[in-house]
Amino acid sequence: MDLADRLELQELPGRYGDLIDDRDWEALSRIFVDEATFAMPDQTLDGLEEIREFMRGARHPRTHLMTNVYIDETDEGIVQRFRIVGMRRDGRIFSGRYRDVVVNADDGWRVTQPRVHADAVRGPCRLMRACSPSMNDRQAGNSLGSHTSRTNRSASSSDQSARSTA
């Protein structure tokens, strides 16, 4: 496998996530072979059409972020692993792991045997509040908000000292 193949494989999970976010079910043929078998914890989907039908009816998160992508050449063939992190509509964060067997088809790399394992849902999401400059120091701890608050207090004290000496 050369670098061009590895680059195309690195992009495949991101393209998959974007297609789901865009609800572009027909374009899933750019991700999966027609005879793909998609294994999930509670069911297995046989073939691209069954995968599309499942995707049409599934409750999808706001966005899919694919990360930690790596490719291994194994006795089973080329195996791609990556993580998914997403935010559900209720603000809870979820993650999962994919392990895909991929093949180099006539029209590029495609997934033949995707397998997903869902991790626990975490929530509600506190990430946005932790980054908010309006948080007080007790809530922010050592975060950027805490540093910003100390900086603003120091500047305010310096302004007061300068005014009292003037």
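From the residues in segment 87-112 that are surrounded by 13 or more Cβ atoms within 10 Å (Cβ to Cβ) and of a type in the set (Lys, Arg), which one is nearest to Asp21 (Cα to Cα)? Among them, the one singled out is Arg88.
Against the numbered list (1) at pLDDT 95 or above; (2) part of a helix (DSSP H, G or I); (3) β-branched (Val, Ile, Thr), Val101 comes up short only at (2). Can you find a residue in segment 132-141 that is surrounded by 15 or more Cβ atoms within 10 Å (Cβ to Cβ), modelled with pLDDT of 85 or more and not small (Gly, Ala, Ser)? Within segment 132-141, not a single residue is surrounded by 15 or more Cβ atoms within 10 Å (Cβ to Cβ), modelled with pLDDT of 85 or more and not small (Gly, Ala, Ser). In this structure, Phe82 does not satisfy being free of Cβ contacts under 8 Å to residues at least 60 places away in the same chain, assigned by TED's automatic domain parsing to the domain that holds Tyr16 and within 10 Å of the chain's Cα centre (by Cα).
Aliphatic (A, V, I, L, M), closer than 24 Å to Leu3 by Cβ and not in a strand (DSSP E or B) - does that describe any residue in segment 67-74? Checking segment 67-74: not a single residue is aliphatic (A, V, I, L, M), closer than 24 Å to Leu3 by Cβ and not in a strand (DSSP E or B). Scanning segment 75-94 for residues being at pLDDT 90 or above and in a strand (DSSP E or B) gives a total of 9.
Screening Glu35, Glu8, Glu73 for residues that are charged (D, E, K, R), touching a helix residue (DSSP H, G or I) at 6+ places or on another chain (Cβ under 8 Å), surrounded by fewer than 18 Cβ atoms within 10 Å (Cβ to Cβ) and touching a residue at least 40 places away in the same chain (Cβ under 8 Å) leaves exactly one candidate, Glu35. The number of residues in segment 101-114 being without any contact (Cβ under 8 Å) to a residue 40 or more places away in the chain and under 17 Å from Asp75 (Cβ atoms) comes to 1.
The values are calculated or read from the model by the stated rules, or taken from the named source; none is laboratory data. Remember, it's a predicted structure, so these values are computed and weren't measured experimentally. Because the Cβ atoms are built from the backbone with ideal geometry, glycine has one as well, and the counts that use them run over all protein chains shown.
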